[in-house]
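The values are calculated or read from the model by the stated rules, or taken from the named source; none is laboratory data. Worth saying up front: this structure is predicted, and the values here are computed from it rather than measured. Cβ placement follows ideal geometry from the backbone for every residue including glycine, while neighbour counts extend to all protein chains displayed.
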Amino acid sequence: MSGNPIIDSALILGGMGVFFGFLIALVNKKFWVWEDPRIDEVEALLPSTNCGACGVPGCRMFAEALVSGEYAPSDCTVISSEDIDDLADYLGVNAGEANKRVARLLCAGGKNETVRYSDYSGFETCKAAVAVAGGGKACAWGCLGLADCEVSCLLDAIYMNENDLPVVVPDLCTACDDCVEACPLDLFVLMPMNQKLIVQCKNLLFGDAAEDLCSVACNACLKCVADAEPGVIEIIDNLAVIDYEKNAMTDPKAISRCETGAIVWLEGQQFQQTPLGLEKKAI
């Protein structure tokens, strides 16, 4: 030591810095993990939305999964087909077959179809309305139409129609799960586009009791069970339930005798079947 406190302090701090720097270098060398340089290139080709629609938390992890071969380029449902081809060409792999997922609403009962017991007056959110006597709608399972889902969607893939029901725009939806989280009644689910047979109802009442609350409610009449391929649809707690693992067996004939239009067949754009299947209208 020099006897000068300032110099001594500088020497001590400098020595500690050299020691810890050397220690960090040793640790870094011992625990260094090689990373494929292609990951950075693949990540740069991805949309950087980190939406999670591919099934992993973000684009970086998806890039790692692509490079390792766990996923195919088409598993990213956000980028264009040209970008998918670019990814496949870069990695020298097959692009795969895309099966885009979108959010689906399991309710078709808007203000024109459902009974209201009272008018809700308070914070204009579905969560607030559910906390206050359910928002005044007779059907406790039905959409309240206060647009929590629309507000949560940062990609403008959901808008409210004139019937106070949210409409999902498939071309804009990335299956990010935001609307699923936002809905306090769990009315949104993420489904592959190739799942076209959907029950747009969650009412658990039977027969007239269900229809008294909503004209498009499932009344558990069993006609869809009889008309669909065996095992595709069953009635559970007075509600038609589809076995989506048998998606290849689904057929539009399952909705042909639905008395209320609670079961729909989605082809191309999103459609709502009117009662008895007399017509279909875009929503």
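Among the numbered criteria (1) outside the structural domain of residue 172 (by TED's automatic domain parsing); (2) exposed (fewer than 15 other Cβ atoms within 10 Å of the Cβ), which single criterion is violated by residue 76?
Just one mismatch for residue 76, condition (2).
Which one of these is closer than 25 Å to residue 49 by Cβ and either touching a helix residue (DSSP H, G or I) at 6+ places or on another chain (Cβ under 6 Å) or at pLDDT below 95 (or both): 166, 184?
166 is the lone residue from the list that is closer than 25 Å to residue 49 by Cβ and either touching a helix residue (DSSP H, G or I) at 6+ places or on another chain (Cβ under 6 Å) or at pLDDT below 95 (or both).
Confirm whether residue 184 is closer than 24 Å to residue 228 by Cβ and surrounded by fewer than 22 Cβ atoms within 10 Å (Cβ to Cβ).
Working: closer than 24 Å to residue 228 by Cβ: no; surrounded by fewer than 22 Cβ atoms within 10 Å (Cβ to Cβ): yes.
Answer is no for this residue.
Does residue 165 qualify as being in contact with a Cys (Cβ under 8 Å, 6 or more places away or on another chain), hydrophobic (A, V, I, L, M, F, W, C), touching a residue at least 60 places away in the same chain (Cβ under 8 Å) and crowded, with 19+ Cβ neighbours inside 10 Å?
In short, yes.
This table checks each residue for (1) surrounded by 17 or more Cβ atoms within 10 Å (Cβ to Cβ); (2) assigned by TED's automatic domain parsing to the domain that holds residue 142; (3) touching a helix residue (DSSP H, G or I) at 6+ places or on another chain (Cβ under 7 Å); (4) at pLDDT below 95.
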residue	(1), (2), (3), (4)
214	yes, no, no, no
229	no, no, yes, yes
235	no, no, yes, no
245	no, no, no, yes
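In the list 122, 96, 142, 109, which residue meets the criterion of being part of a loop (DSSP other than H, G, I, E, B), of a type outside the set (A, V, I, L, M, F, W, C) and in contact with a Pro (Cβ under 8 Å, 6 or more places away or on another chain)?
One residue alone meets the criteria, 96.
So the check is Cβ under 6 Å with 6+ separation or different chains; which pairs have a first residue in segment 109-127 that's crowded, with 17+ Cβ neighbours inside 10 Å and a second one that's of a type in the set (Ser, Thr, Tyr)?
From segment 109-127, the pairs are 113/215.
Identify all residues within segment 104-150 that are at pLDDT below 85 and either in contact with a His (Cβ under 9 Å, 6 or more places away or on another chain) or under 30 Å from residue 195 (Cβ atoms) (or both); write none if there are none.
Of everything in segment 104-150, those that are at pLDDT below 85 and either in contact with a His (Cβ under 9 Å, 6 or more places away or on another chain) or under 30 Å from residue 195 (Cβ atoms) (or both) turn out to be 134, 135.
Looking at segment 194-204, can you tell me whether even one residue there is closer than 29 Å to residue 99 by Cα and surrounded by fewer than 16 Cβ atoms within 10 Å (Cβ to Cβ)? Even if it seems obvious, please write down each step before you answer.
Filtering segment 194-204 for residues closer than 29 Å to residue 99 by Cα gives 194-202.
Filter once more, keeping what is surrounded by fewer than 16 Cβ atoms within 10 Å (Cβ to Cβ): 194.
Yes: segment 194-204 contains one or more residues that are closer than 29 Å to residue 99 by Cα and surrounded by fewer than 16 Cβ atoms within 10 Å (Cβ to Cβ).
Would you mind finding the one in 140, 209 that is among the aliphatic types (A, V, I, L, M), assigned by TED's automatic domain parsing to the domain that holds residue 240, more than 14 Å from the chain's Cα centre (by Cα) and surrounded by fewer than 17 Cβ atoms within 10 Å (Cβ to Cβ)? Please lay out each step first, then the result.
Details: 140 fails: assigned by TED's automatic domain parsing to the domain that holds residue 240.
That would be 209, the only listed residue that is among the aliphatic types (A, V, I, L, M), assigned by TED's automatic domain parsing to the domain that holds residue 240, more than 14 Å from the chain's Cα centre (by Cα) and surrounded by fewer than 17 Cβ atoms within 10 Å (Cβ to Cβ).
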